[in-house]
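So that we are looking at the same thing, I have put the structure below in C-alpha cells.
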Amino acid sequence: MSDEQTARGTRRDTVVRIAILIWLTLVWIALWGDLSVANLLGGLVVAALIMVALPLPRVPVAGRLSLLPLLELLVVSAYYAVESSLQVAWFAIRPAPTPVSGVLRVYSGTRSDLVLVLWADLLNLIPGTMVLEIDRSRCVVYVHVLDVGSDAAVDKFYRTTRRLERLLIEGLERPTGWPFARPTSPPEVTP
C-alpha cells in the first residue's frame, strides 16, 4: 500500500467518524425534540461515548455510486410500493376469497452484502411481501408473497425482484474485480 492510499484511507475513516458523530448527535436532538445548546452538547457527549463503548466493525466498501440507476430505483420502488398498496387494499375489500399466498425462493445475483440487505429492505417495503430468510452462502432469499395464485402473479413478482436487484447492482456495485461469480440457478417456487 502506498503512502497516498494510506493517507486516503485515514482521511476516509476520519470523515466517516465525524459523520457518525454528527448523525448520532442529530438523533439525540430529535429524540429530545428541542434544539438547544445543552441538547447539542449532551448529544455530542453521548455520541462520543457510544462510538467509544460500541465501536462498529470496519466494513470494506469497494463499490461505486451511479446516480442514474439510483434515481430510477427511487422512482421504480415508489411505484411498486403504491401499486402493491392498492393491490393489498383491493384484496381486503373485494368480494372474493383471500388470495393464495406462498413462499418464493429467489436466487440473488448480487456479490455485495450491502446490496443484498438493501434489496431485502426494498422487498419488505413492498406491501404483500416479507423477506423470511436470507441464505448468504447459497445466495438465496425466501420471500412470503401475498398473491401466488397464478403464473402471471408469480412471474410479476420475479420481474419486480429482478428489476430492483438489477438497479441496486448497477447503482452500487463495481462491474468487475469481485472474488466470486454470480449464481445462475433458476428461480423456484416453494409452496
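Being polar (S, T, N, Q) and touching a helix residue (DSSP H, G or I) at 6+ places or on another chain (Cβ under 6 Å) is the filter here, so list the residues in the range 28-85 that pass it.
N39, S66, S77 - these are the residues of the range 28-85 that are polar (S, T, N, Q) and touching a helix residue (DSSP H, G or I) at 6+ places or on another chain (Cβ under 6 Å).
Which ones in the range 27-51 are open to solvent by 100 Å² or more (accessible area, probe 1.4 Å) and either within 27 Å of the chain's Cα centre (by Cα) or within 26 Å of D113 (Cβ to Cβ) (or both)?
L31
Tell me, which residue of the range 136-153 that is open to solvent by 30 Å² or more (accessible area, probe 1.4 Å) and farther than 18 Å from P99 by Cβ is modelled with the highest pLDDT?
Ranking the qualifying residues of the range 136-153, first place goes to Y142.
Got a number for residues in the range 124-135 being hydrophobic (A, V, I, L, M, F, W, C) and modelled with pLDDT under 90?
2
Have a look at S101, S77, S108 and point out the one that is over 20 Å from the mean Cα position of the chain (by Cα) and either touching a residue at least 40 places away in the same chain (Cβ under 8 Å) or within 20 Å of V143 (Cβ to Cβ) (or both).
Sole residue among the options that is over 20 Å from the mean Cα position of the chain (by Cα) and either touching a residue at least 40 places away in the same chain (Cβ under 8 Å) or within 20 Å of V143 (Cβ to Cβ) (or both): S101.
For the range 102-119, name all the residues that are of a type in the set (A, V, I, L, M) and surrounded by 17 or more Cβ atoms within 10 Å (Cβ to Cβ).
Looking only at the range 102-119, we keep the residues that are of a type in the set (A, V, I, L, M), and these are 103-104, 106, 114-118.
Matches in the range 102-119: L104, V106, V115, L116, L118.
Working only within the range 52-74, note down all residues that are open to solvent by 100 Å² or more (accessible area, probe 1.4 Å), aliphatic (A, V, I, L, M) and closer than 27 Å to R163 by Cα.
Selection gives V59, V61, L65, L67, L68, L71, L74.
The values are calculated or read from the model by the stated rules, or taken from the named source; none is laboratory data. Computed from a predicted model, the values in this text were never measured in an experiment. Because the Cβ atoms are built from the backbone with ideal geometry, glycine has one as well, and the counts that use them run over all protein chains shown. For accessibility, only protein heavy atoms count, side chains too; no ligands or nucleic acids. Shrake-Rupley method; radii C 1.70, N 1.55, O 1.52, S 1.80 Å.
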